[in-house]
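> Sharing a structure, written as structure tokens. Questions coming.
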Amino acid sequence: MDGDTDFRFSPRPNRAHEIDWRPWGEPAFAEARKLGRPILLSLSAVWCHWCHVMDETSYSDPRVIAALNEHFVPIRVDNDRHPDVNRRYNMGGWPTTAFLAASGDPITGATYMPPEQLLQALRRVREFFDANRTALLALGATEHAHAVDTEAALAHLGGAPRLGQLSAPDFDGDPDVPGDIPAEIALQIVRAFDPVHGGLGADPKFPQPDVFAFVLAYAELRGGGDPLRVAPHTSALVTPARIHKVVRTTMERMAGGGLYDHVAGGFFRYATRRDWTVPHYEKMLEDNARLAGLYLEAAVLTRGDGAGGDGAAHAGLGPGALYRAAAEGTIGYLLATLWRTDPPAFGGSQDADEHYYSMDADERAQRPGPYVDRRVYTSWNAALAIAYLDAARRFDRPALRERADKLLDRLFRDEQRRDEGMDHAEGVGGQLTDQVWSLWAALRAHQAGLGDGWLPTAIDLAAHIDERYGDPEAGGYFDHAGGDKLGRLAERIKPLVENSIAAMALVELDILAGDPTTPYLPRARRALESVAALPRQYGLMAAVFARALDRTSYAIKVTTSNPELARAAALAHPYSVIDPSGDKRAVVCVGTICLAPVSTASAVVEALKEASTARA
């Protein structure tokens, strides 16, 4: 992993730069061992409001600055640049304030800490470290230091100071629907629905695009008005009509409320109140890429009708038109604010600025917008390219197809990436998230007819993922290739989301590659099996896993070079996979069984219905 030297601090006045921050890397850990000091690891982000507050307060306090420079080795890591570090050390949010031994083993930690609390924590950690210096330094004294049971060691030492570390609650799945994770998660979504304001749970409210993308497709695939596959005593809760009510209310409230920027377009990261008001004003490429895709998907599945949802009166629009308007506004925001021409790609985020967003439209027009992180993150750009290609096909938007073409050309321009995989960002080596999203984007580029080279590129990238990230014994994929073994990075983790994305891409590759000697479907299933124990811990956040399971069961191949027939297939079935190698007719196939060729859009729709019935 590279050493970051361009640390970002709050855009408002602060003294955080006076702290002698080190980048994540072996030199910082070696210094901690040599000096016999504990490490303060600050996990931050350029868009993070409370990270800025901590820069302006705690890290600007001269007492904190002096204590950190004299008694600690302070390391600062940007979450967006190093998600693998964040995955292992995050204490419940951003900022994370973690205290480590020189081996990288955590001692204790918390999230935001105001000055007096941080000063107290520095004193307590220093006292604990000094009292147990020999044992703590011994954690990093051997080649296999990462194998030490740190919790047991600290317990033996009398326990580290507790600073309010947070952890996520476990998910107790419904015992009445064993083995049917999609049905179980659909039921949990319906139960968590806020019927007054939409969304799930109380406050704060996050948009959760993966959750609603899954449940929309789930209802579409199991439509017809019948109760979905859940336990008999709860089946009345989970019907297509009920799911559409949940999704419509939520998406109309989000698009019509404070989560959406009605001046510049795009969605803020989350709302602090149950009614979607008082948002945290950062805007993330990752969120907006997925939300643009979600609203486009919803516009398709509602067939653009004007039928009722509680929020259908927003701007006089029916649901389909409202969804499309929100998607268009989001796409417009990304192009206007995050797009950069050199290189042609999208930056990562725009900073939160409460004062700026309190202005009316005229005032905003006179002021420069909040800081934009111009770094290009591969995974997020690949996700947006997928959304653009979907929109281009479904809504006949050739300009978006051209934009996606340029974007993907930039991401894949370096031919050596066929051997080395995709970088995460400039100067930062690739991670699993970049490989799997890029794999899926290459497959969508092939389906969109962007060139004959995209399928070979996808095949090469799939081989790279297997070789560098795969677990040949248990299946599935680790989140990084294993090069950086500092601290907890020595622990190899199989993340739920990335393995689910890998599975969805591999399903499509299996359908498109058509090579029985190299089947990709078994790899997709093994990827899901490798993380199958996680959904009960993740709860609703395992929706992407459920969607991947559904895709392995319901994906259908449509072979055609006819844009109109391909569009009809994309509109009619959420998991249709387009093979552009055919003629002007369309052939619908399930596995090795294919229906007769058809020549009209309506015939494509009927063929997909017939194939779906046969598959079910």
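> Can you give me the number of residues within segment 518-568 that are assigned to a strand (DSSP E or B) and either touching a Cys at 6+ places or on another chain (Cβ under 6 Å) or without any contact (Cβ under 8 Å) to a residue 40 or more places away in the chain (or both)?
Residues that pass the stated criteria total 2.
Results for (1) touching a Gly at 6+ places or on another chain (Cβ under 8 Å); (2) outside the structural domain of residue 453 (by TED's automatic domain parsing); (3) buried (at least 22 other Cβ atoms within 10 Å of the Cβ), shown as yes or no for each residue.
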site	(1), (2), (3)
513	no, no, no
521	no, no, no
526	yes, no, no
531	yes, no, yes
535	yes, no, yes
538	no, no, no
542	no, no, yes
545	no, no, yes
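> Among the residues of segment 255-264, count how many are touching a residue at least 40 places away in the same chain (Cβ under 8 Å) and out of contact with any Phe, Trp or Tyr (no Cβ under 6 Å at 6 or more places or on another chain).
4
> Can you go through 469, 477 and tell me which one is at pLDDT 95 or above, among the hydroxyl-bearing types (Ser, Thr, Tyr) and out of contact with any His (no Cβ under 9 Å at 6 or more places or on another chain)?
It is 477.
> Further question: So is residue 25 under 22 Å from residue 270 (Cα atoms) and among the small types (Gly, Ala, Ser) or not?
Judged against the criteria, residue 25 is not a match.
> While we're on this one: Mind listing just one residue for me: the one in segment 490-511 that is among the small types (Gly, Ala, Ser) and within 14 Å of residue 434 (Cβ to Cβ) and, of those, nearest to the chain's Cα centre (by Cα)? Explain how you work it out, then say what you get.
Start the filter on segment 490-511 by keeping residues that are among the small types (Gly, Ala, Ser), which leaves 490, 500, 502-503, 505.
Applying the additional criterion that residues be within 14 Å of residue 434 (Cβ to Cβ) yields 502, 505.
On the way: 502: 13, 505: 15 Å.
Looking at the filtered set, the residue picked out is 502.
> May I pose another question? Are there any pairs with C-beta distances below 6 angstrom linking a residue in segment 331-354 that is farther than 16 Å from residue 371 by Cβ to a residue that is surrounded by fewer than 19 Cβ atoms within 10 Å (Cβ to Cβ), with the two at least 6 apart or on different chains, and if so which?
What qualifies is 343/410; 344/406; 344/410; 345/410.
> In segment 591-614, is there at least one residue being of a type in the set (D, E, K, R), at pLDDT 90 or above and closer than 29 Å to residue 499 by Cβ?
no
> When you go through 451, 483 one by one, which is the residue that is under 21 Å from residue 567 (Cβ atoms) and not basic (Lys, Arg)?
Of the residues listed, the single one that is under 21 Å from residue 567 (Cβ atoms) and not basic (Lys, Arg) is 451.
> Checking residue 31 against (1) outside any helix (DSSP H, G or I); (2) modelled with pLDDT of 95 or more, which test does it fail?
(1)
> Considering only segment 100-111, I want to know if a residue exists there that is assigned to a helix (DSSP H, G or I) and in contact with a helix residue (DSSP H, G or I) (Cβ under 6 Å, 6 or more places away or on another chain).
For segment 100-111, residues assigned to a helix (DSSP H, G or I) and in contact with a helix residue (DSSP H, G or I) (Cβ under 6 Å, 6 or more places away or on another chain): absent.
> Can I ask one more? Taking the stated definitions as given, is residue 571 in a helix (DSSP H, G or I), closer than 30 Å to residue 102 by Cα, modelled with pLDDT under 95 and of a type in the set (A, V, I, L, M, F, W, C)?
So residue 571 does not fit the description; no.
Yes/no matrix, rows are residues, columns are (1) at pLDDT 95 or above; (2) in contact with an Asp or Glu (Cβ under 9 Å, 6 or more places away or on another chain):
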residue: 55; (1), (2): yes, no
residue: 91; (1), (2): no, no
residue: 96; (1), (2): yes, no
residue: 119; (1), (2): yes, yes
residue: 128; (1), (2): no, no
residue: 139; (1), (2): no, yes
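> Only one of 325, 336, 321 is closer than 13 Å to residue 283 by Cβ, out of contact with any Phe, Trp or Tyr (no Cβ under 7 Å at 6 or more places or on another chain), part of a helix (DSSP H, G or I) and not basic (Lys, Arg). Can you tell me which?
Residue meeting the stated conditions: 336.
> For segment 477-489, indicate whether the set of residues that are closer than 22 Å to residue 89 by Cα, over 23 Å from the mean Cα position of the chain (by Cα) and part of a helix (DSSP H, G or I) is non-empty.
yes
> Can you tell me how many residues within segment 160-204 are at pLDDT 85 or above and within 30 Å of residue 40 (Cβ to Cβ)?
1
> Exactly one of (1) surrounded by fewer than 22 Cβ atoms within 10 Å (Cβ to Cβ); (2) in a helix (DSSP H, G or I); (3) of a type outside the set (D, E, K, R) is unmet by residue 451. Its number?
(2)
The values are calculated or read from the model by the stated rules, or taken from the named source; none is laboratory data. Note that this is a predicted model, so its numbers are computed, not measured. Virtual Cβ from ideal backbone geometry, glycine too; neighbours counted across all protein chains shown.
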